[in-house]
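This report refers to the structure that appears directly beneath it.
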Amino acid sequence: MLSLTFLGTGAACPTVDRNVASLALHREGEMLLFDCGEGTQRQMMRYGTSFGFREIFFTHYHSDHLLGLPGLLRTMGLLNILGESDREEGVTLYGPRGAKSVLGGAISVGIERTKFPVEIVELKPGDVISRDEYDLIAFPTEHRADSLGYALAEHPRLGRFDPDKARAMGIPEGPLWGRIHKGETIEIEGGRRVAPAELVGPTRAGRTVVISGDTRPTKALADAAQGADLLVHEATFSDEDRARARETGHSTAREAAEIAKAAGAERLVLTHISPRYNRDAAELLAEATSVFPATIIARDGMQIEVPFKDGGV
Ligand SMILES: [Zn+2]
Ligand SMILES: [Zn+2]
(Lines give C-alpha, C1' and ligand atoms only; values in the text may rest on other atoms or scores of the structure.)
(Ligands and ions follow the chains in the order given, each with its own letter.)
Protein backbone atom coordinates (compact mmCIF):
# COMPACT_ATOMS: atom_id res chain seq x y z
CA MET A 1 0.00 0.00 0.00
CA LEU A 2 1.28 3.44 -0.93
CA SER A 3 -0.94 6.47 -0.39
CA LEU A 4 -0.84 10.15 0.41
CA THR A 5 -3.02 12.25 2.71
CA PHE A 6 -3.00 15.95 1.94
CA LEU A 7 -3.09 17.66 5.33
CA GLY A 8 -2.68 21.20 4.06
CA THR A 9 -2.87 22.40 0.46
CA GLY A 10 -2.75 26.20 0.70
CA ALA A 11 0.07 28.70 0.21
CA ALA A 12 1.29 31.40 2.59
CA CYS A 13 -1.52 31.49 5.18
CA PRO A 14 -4.40 29.27 6.26
CA THR A 15 -7.90 29.93 4.87
CA VAL A 16 -11.28 28.43 5.71
CA ASP A 17 -10.82 25.96 2.86
CA ARG A 18 -7.14 25.19 2.97
CA ASN A 19 -4.59 24.81 5.72
CA VAL A 20 -0.91 25.47 5.00
CA ALA A 21 1.53 22.88 3.74
CA SER A 22 1.80 19.35 5.07
CA LEU A 23 1.56 15.96 3.44
CA ALA A 24 1.54 12.46 4.96
CA LEU A 25 2.90 9.57 2.91
CA HIS A 26 1.87 6.09 4.02
CA ARG A 27 3.78 3.09 2.77
CA GLU A 28 3.43 -0.48 4.03
CA GLY A 29 2.60 0.58 7.57
CA GLU A 30 5.18 3.36 7.72
CA MET A 31 4.31 7.04 7.63
CA LEU A 32 6.52 9.93 6.54
CA LEU A 33 5.51 13.54 6.99
CA PHE A 34 6.54 16.24 4.50
CA ASP A 35 6.47 19.81 5.84
CA CYS A 36 4.54 20.87 8.88
CA GLY A 37 2.69 24.17 8.48
CA GLU A 38 0.79 25.80 11.31
CA GLY A 39 -2.12 23.66 12.51
CA THR A 40 -0.81 20.42 11.01
CA GLN A 41 -1.47 18.47 14.22
CA ARG A 42 -5.15 19.38 14.11
CA GLN A 43 -5.37 18.38 10.46
CA MET A 44 -3.85 15.02 11.42
CA MET A 45 -6.55 14.50 14.04
CA ARG A 46 -9.25 15.66 11.69
CA TYR A 47 -8.26 13.36 8.86
CA GLY A 48 -7.42 10.35 11.00
CA THR A 49 -3.68 10.38 10.40
CA SER A 50 -1.96 8.88 13.41
CA PHE A 51 1.00 10.50 15.19
CA GLY A 52 2.86 7.25 14.64
CA PHE A 53 5.55 8.68 12.40
CA ARG A 54 9.28 8.85 13.02
CA GLU A 55 10.39 11.36 10.42
CA ILE A 56 9.50 14.76 9.03
CA PHE A 57 11.09 15.99 5.80
CA PHE A 58 11.17 19.75 5.31
CA THR A 59 11.35 21.19 1.81
CA HIS A 60 12.43 24.60 3.19
CA TYR A 61 11.88 26.81 6.20
CA HIS A 62 9.30 29.39 5.16
CA SER A 63 6.80 29.74 7.96
CA ASP A 64 3.90 28.17 6.03
CA HIS A 65 5.89 24.91 6.03
CA LEU A 66 7.34 25.06 9.51
CA LEU A 67 5.20 26.69 12.19
CA GLY A 68 3.26 23.53 13.03
CA LEU A 69 6.35 21.78 14.33
CA PRO A 70 6.54 23.08 17.93
CA GLY A 71 2.86 22.41 18.60
CA LEU A 72 2.95 18.97 17.07
CA LEU A 73 5.97 17.90 19.12
CA ARG A 74 4.48 19.37 22.27
CA THR A 75 1.24 17.42 21.81
CA MET A 76 3.20 14.26 21.12
CA GLY A 77 5.10 14.90 24.37
CA LEU A 78 1.84 15.29 26.29
CA LEU A 79 0.53 12.04 24.87
CA ASN A 80 3.73 10.45 26.14
CA ILE A 81 3.10 11.71 29.68
CA LEU A 82 -0.42 10.39 29.53
CA GLY A 83 0.92 7.00 28.58
CA GLU A 84 -1.07 6.95 25.37
CA SER A 85 1.94 6.63 23.22
CA ASP A 86 5.33 5.06 23.42
CA ARG A 87 7.90 7.02 21.56
CA GLU A 88 11.23 6.23 23.03
CA GLU A 89 12.65 5.97 19.53
CA GLY A 90 12.04 9.66 18.98
CA VAL A 91 11.68 11.65 15.79
CA THR A 92 14.15 12.65 13.09
CA LEU A 93 13.77 15.93 11.24
CA TYR A 94 15.38 16.31 7.81
CA GLY A 95 15.78 19.49 5.83
CA PRO A 96 18.07 21.52 3.59
CA ARG A 97 20.95 23.71 4.73
CA GLY A 98 20.17 25.50 7.97
CA ALA A 99 18.34 22.51 9.48
CA LYS A 100 20.25 22.50 12.75
CA SER A 101 19.72 26.17 13.50
CA VAL A 102 16.19 26.65 12.12
CA LEU A 103 14.64 23.35 13.20
CA GLY A 104 16.67 23.36 16.42
CA GLY A 105 15.20 26.78 17.20
CA ALA A 106 11.68 25.76 16.22
CA ILE A 107 11.59 22.71 18.47
CA SER A 108 12.61 24.74 21.51
CA VAL A 109 9.75 27.25 21.13
CA GLY A 110 7.39 26.88 24.06
CA ILE A 111 8.85 23.57 25.17
CA GLU A 112 11.50 23.24 27.87
CA ARG A 113 12.51 19.87 26.63
CA THR A 114 10.93 17.39 24.24
CA LYS A 115 9.88 14.22 26.03
CA PHE A 116 11.59 12.06 23.44
CA PRO A 117 14.79 12.32 21.41
CA VAL A 118 14.69 14.59 18.36
CA GLU A 119 17.47 14.26 15.82
CA ILE A 120 18.10 16.83 13.10
CA VAL A 121 19.73 15.84 9.81
CA GLU A 122 20.81 18.37 7.22
CA LEU A 123 20.52 17.19 3.61
CA LYS A 124 22.00 18.57 0.44
CA PRO A 125 20.78 18.20 -3.14
CA GLY A 126 21.61 14.73 -4.42
CA ASP A 127 21.64 13.07 -1.01
CA VAL A 128 20.03 9.64 -1.01
CA ILE A 129 18.60 7.95 2.06
CA SER A 130 18.64 4.29 1.18
CA ARG A 131 16.21 1.93 2.86
CA ASP A 132 15.48 -1.78 2.43
CA GLU A 133 12.66 -1.25 -0.02
CA TYR A 134 13.06 2.28 -1.32
CA ASP A 135 15.36 5.27 -1.72
CA LEU A 136 14.49 8.79 -0.68
CA ILE A 137 16.27 11.23 -2.92
CA ALA A 138 16.67 14.91 -2.06
CA PHE A 139 16.86 16.94 -5.29
CA PRO A 140 17.58 20.63 -5.90
CA THR A 141 14.74 23.10 -6.29
CA GLU A 142 14.72 26.85 -6.94
CA HIS A 143 12.84 28.95 -4.41
CA ARG A 144 14.77 31.97 -3.19
CA ALA A 145 15.70 29.99 -0.09
CA ASP A 146 17.63 26.84 0.72
CA SER A 147 15.17 24.30 -0.55
CA LEU A 148 14.82 20.68 -1.62
CA GLY A 149 12.30 18.42 -3.28
CA TYR A 150 11.96 14.74 -2.42
CA ALA A 151 11.49 11.62 -4.53
CA LEU A 152 10.54 8.32 -2.96
CA ALA A 153 11.59 5.60 -5.40
CA GLU A 154 10.79 2.01 -4.55
CA HIS A 155 13.34 -0.61 -5.50
CA PRO A 156 12.29 -2.96 -8.30
CA ARG A 157 10.25 -5.92 -7.13
CA LEU A 158 10.98 -9.56 -7.81
CA GLY A 159 9.39 -10.93 -10.95
CA ARG A 160 6.26 -13.07 -10.75
CA PHE A 161 6.80 -16.66 -9.64
CA ASP A 162 4.86 -19.30 -11.58
CA PRO A 163 3.53 -21.78 -8.99
CA ASP A 164 1.73 -24.00 -11.50
CA LYS A 165 4.84 -24.54 -13.56
CA ALA A 166 6.86 -25.19 -10.40
CA ARG A 167 4.43 -27.92 -9.34
CA ALA A 168 4.44 -29.39 -12.84
CA MET A 169 8.23 -29.60 -12.67
CA GLY A 170 7.90 -31.54 -9.44
CA ILE A 171 9.21 -28.80 -7.16
CA PRO A 172 7.22 -29.00 -3.93
CA GLU A 173 5.78 -25.86 -2.41
CA GLY A 174 8.06 -24.70 0.39
CA PRO A 175 11.45 -23.08 0.96
CA LEU A 176 12.69 -24.02 -2.52
CA TRP A 177 10.08 -21.75 -4.08
CA GLY A 178 11.34 -18.81 -2.06
CA ARG A 179 14.95 -19.52 -2.97
CA ILE A 180 14.22 -19.68 -6.68
CA HIS A 181 12.06 -16.56 -6.48
CA LYS A 182 14.93 -14.66 -4.90
CA GLY A 183 17.28 -15.64 -7.72
CA GLU A 184 18.95 -18.86 -6.60
CA THR A 185 19.53 -21.78 -8.96
CA ILE A 186 18.49 -24.98 -7.22
CA GLU A 187 18.90 -28.68 -7.78
CA ILE A 188 15.83 -30.91 -7.75
CA GLU A 189 15.41 -34.65 -7.51
CA GLY A 190 17.23 -36.47 -10.26
CA GLY A 191 19.99 -33.86 -10.21
CA ARG A 192 18.35 -31.42 -12.60
CA ARG A 193 19.25 -27.80 -12.00
CA VAL A 194 16.50 -25.18 -12.22
CA ALA A 195 17.48 -21.60 -12.97
CA PRO A 196 15.25 -18.77 -11.71
CA ALA A 197 14.54 -17.62 -15.27
CA GLU A 198 12.56 -20.84 -15.82
CA LEU A 199 10.02 -19.93 -13.15
CA VAL A 200 10.32 -16.22 -12.43
CA GLY A 201 9.31 -13.38 -14.75
CA PRO A 202 11.26 -10.16 -15.25
CA THR A 203 11.69 -7.82 -12.28
CA ARG A 204 8.90 -5.30 -12.00
CA ALA A 205 9.21 -1.57 -11.48
CA GLY A 206 8.56 -0.11 -8.04
CA ARG A 207 6.53 3.06 -7.58
CA THR A 208 7.87 6.60 -7.48
CA VAL A 209 6.27 9.58 -5.79
CA VAL A 210 7.83 13.02 -6.22
CA ILE A 211 7.14 16.04 -4.02
CA SER A 212 8.26 19.35 -5.46
CA GLY A 213 8.02 21.62 -2.44
CA ASP A 214 7.93 25.34 -3.31
CA THR A 215 9.84 25.91 -6.51
CA ARG A 216 10.13 27.35 -9.97
CA PRO A 217 9.71 24.66 -12.63
CA THR A 218 13.21 23.37 -13.31
CA LYS A 219 14.93 20.76 -15.41
CA ALA A 220 16.27 19.12 -12.25
CA LEU A 221 12.72 18.64 -11.06
CA ALA A 222 11.61 17.16 -14.39
CA ASP A 223 14.62 14.83 -14.24
CA ALA A 224 13.80 13.76 -10.67
CA ALA A 225 10.21 13.06 -11.72
CA GLN A 226 11.06 10.94 -14.82
CA GLY A 227 8.38 8.28 -15.12
CA ALA A 228 6.96 9.07 -11.68
CA ASP A 229 3.72 7.38 -10.76
CA LEU A 230 2.66 10.54 -8.98
CA LEU A 231 4.04 14.06 -9.07
CA VAL A 232 2.88 16.42 -6.34
CA HIS A 233 3.78 19.85 -7.64
CA GLU A 234 3.14 23.27 -6.23
CA ALA A 235 0.90 25.52 -8.32
CA THR A 236 0.65 28.73 -6.39
CA PHE A 237 -0.57 30.89 -9.26
CA SER A 238 -2.49 30.96 -12.55
CA ASP A 239 -1.26 32.17 -15.96
CA GLU A 240 -2.38 35.68 -15.15
CA ASP A 241 0.13 35.86 -12.29
CA ARG A 242 3.03 34.19 -14.06
CA ALA A 243 5.29 37.20 -13.46
CA ARG A 244 4.52 37.03 -9.77
CA ALA A 245 5.31 33.31 -9.77
CA ARG A 246 8.71 34.11 -11.25
CA GLU A 247 9.39 36.90 -8.73
CA THR A 248 8.48 34.81 -5.72
CA GLY A 249 10.11 31.54 -6.77
CA HIS A 250 6.84 29.69 -7.37
CA SER A 251 5.17 27.93 -10.30
CA THR A 252 1.95 28.41 -12.20
CA ALA A 253 -0.41 25.49 -12.73
CA ARG A 254 0.57 25.40 -16.40
CA GLU A 255 4.27 25.29 -15.55
CA ALA A 256 3.66 22.41 -13.15
CA ALA A 257 1.78 20.58 -15.92
CA GLU A 258 4.66 21.16 -18.32
CA ILE A 259 7.02 19.53 -15.82
CA ALA A 260 4.68 16.54 -15.45
CA LYS A 261 4.55 16.22 -19.24
CA ALA A 262 8.31 16.54 -19.68
CA ALA A 263 8.83 13.95 -16.97
CA GLY A 264 6.36 11.50 -18.49
CA ALA A 265 4.65 11.23 -15.10
CA GLU A 266 1.50 9.16 -14.75
CA ARG A 267 -0.47 11.65 -12.65
CA LEU A 268 -0.10 15.19 -11.33
CA VAL A 269 -1.56 16.64 -8.16
CA LEU A 270 -1.41 20.41 -7.76
CA THR A 271 -1.06 21.81 -4.27
CA HIS A 272 0.15 24.97 -2.46
CA ILE A 273 -2.73 26.96 -3.93
CA SER A 274 -2.73 30.72 -3.29
CA PRO A 275 -5.56 32.00 -1.06
CA ARG A 276 -6.66 34.22 -3.96
CA TYR A 277 -8.33 31.22 -5.66
CA ASN A 278 -11.51 29.63 -4.39
CA ARG A 279 -11.84 26.07 -3.17
CA ASP A 280 -12.13 24.53 -6.63
CA ALA A 281 -9.39 26.65 -8.21
CA ALA A 282 -11.07 25.88 -11.55
CA GLU A 283 -8.84 28.24 -13.52
CA LEU A 284 -5.71 26.47 -12.29
CA LEU A 285 -7.17 23.09 -13.18
CA ALA A 286 -8.18 24.24 -16.67
CA GLU A 287 -4.75 25.68 -17.39
CA ALA A 288 -2.97 22.56 -16.19
CA THR A 289 -5.21 19.99 -17.90
CA SER A 290 -4.79 21.78 -21.23
CA VAL A 291 -1.15 20.63 -21.03
CA PHE A 292 -1.37 17.48 -18.88
CA PRO A 293 -4.86 15.93 -18.65
CA ALA A 294 -4.17 13.58 -15.73
CA THR A 295 -4.16 16.46 -13.24
CA ILE A 296 -6.18 17.07 -10.12
CA ILE A 297 -6.19 19.87 -7.57
CA ALA A 298 -5.44 18.74 -4.03
CA ARG A 299 -7.86 19.50 -1.24
CA ASP A 300 -7.32 19.24 2.47
CA GLY A 301 -8.09 15.72 3.62
CA MET A 302 -7.78 14.23 0.14
CA GLN A 303 -6.29 10.74 0.01
CA ILE A 304 -4.65 9.32 -3.06
CA GLU A 305 -3.58 5.74 -3.63
CA VAL A 306 -0.59 5.02 -5.82
CA PRO A 307 -1.00 1.61 -7.48
CA PHE A 308 1.70 -0.33 -9.29
CA LYS A 309 1.81 0.37 -13.01
CA ASP A 310 1.46 -3.36 -13.75
CA GLY A 311 -1.57 -3.62 -11.46
CA GLY A 312 0.22 -6.05 -9.13
CA VAL A 313 0.37 -5.96 -5.38
ZN1 LIG B 1 5.02 27.82 0.83
ZN1 LIG C 1 8.20 28.95 0.38
Original post:
For L33, what accessible area in Å² do you get when you roll a 1.4 Å probe over the heavy atoms of the protein chains, rounding to the nearest 10?
Top reply: 0 Å²
Original post:
Taking a spot 7 Å from the Cα of I188 along the direction of its beta carbon, which residues of the stretch 134-173 have an amide N less than 18 Å from it?
Top reply: 160-173
Original post:
How large are Rg and Dmax for the stretch 191-313 when only the alpha carbon atoms are used, in Å?
Top reply: 18.2, 73
Original post:
How do T185, T215 rank by accessible surface area computed with a 1.4 Å probe, from largest to smallest?
Top reply: T185, T215
Original post:
Given 0.36 nm per residue, what is the gain on full extension from L158 to N80 after removing their alpha carbon distance, in nm?
Top reply: 24.1 nm
Original post:
For the chain, what ratio Rg/Rh do Cα atoms give with a Kirkwood hydrodynamic radius?
Top reply: 1.06
Subject >> Accessible area of K115 in the full protein assembly, 1.4 Å probe (Å², nearest 10) >> reply: 100 Å²
Subject >> 10 °C / 1.306 mPa s Stokes-Einstein diffusion coefficient of the stretch 187-239, Kirkwood radius on C-alpha pairs, µm²/s >> reply: 105 µm²/s
**OP:** Run the accessible area of the chain with a 1.4 Å probe and give the carbon-and-sulfur part as a rounded percent.
**Re:** 51 percent
**OP:** Give the shape of the stretch 26-73 as rounded, prolate or oblate, defined through the alpha-carbon gyration tensor: a ≥ b ≥ c are the square roots of its eigenvalues, a/c under 1.5 means rounded, and otherwise the shape is prolate if a/b is larger than b/c and oblate if not.
**Re:** oblate
Subject >> Accessible surface, 1.4 Å probe, highest first, among residues M1, M76, M169 >> reply: M1, M169, M76
Original post:
Going by alpha carbons, how many degrees (0 to 90, nearest 10) lie between the helix axis of 253-263 and the longest principal axis of the chain?
Top reply: 20 degrees
Subject >> Exposure rank, largest accessible area first [S63, S147; 1.4 Å] >> reply: S63, S147
**OP:** Using only protein heavy atoms and a 1.4 Å probe, report how much of E247 is accessible, in Å² to the nearest 10.
**Re:** 110 Å²
**OP:** Take the alpha-carbon centre of the stretch 120-144, take the same for the stretch 277-313, and report the distance between them in whole Å.
**Re:** 24 Å
**OP:** With r as the distance between the Cβ atoms of M1 and R276 and R0 = 45 Å, compute the FRET efficiency 1/(1 + (r/R0)^6) and round to 0.05.
**Re:** 0.80
Original post:
In Å and whole numbers, how far do the C-alpha atoms of the stretch 91-218 stretch along each principal axis, longest first?
Top reply: 71, 40, 19
Original post:
Quick one: Karplus J couplings for the stretch 103-117, per residue in order, coefficients 6.51, -1.76, 1.60, θ = phi - 60°, nearest Hz, x for Gly and Pro?
Top reply: 5, x, x, 4, 6, 9, 5, x, 10, 5, 7, 5, 7, 8, x
**OP:** Taking every pair of Cα atoms in the stretch 40-162, average 1/r, invert it to obtain the Kirkwood radius, and report Rg/Rh to two decimals.
**Re:** 1.02
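The values are calculated or read from the model by the stated rules, or taken from the named source; none is laboratory data. Since this is a predicted model, take the numbers as computed values, not measurements. Because the Cβ atoms are built from the backbone with ideal geometry, glycine has one as well, and the counts that use them run over all protein chains shown. With ligands, DNA and RNA removed, areas are computed over all heavy atoms of the protein, side chains included. Shrake-Rupley method; radii C 1.70, N 1.55, O 1.52, S 1.80 Å.
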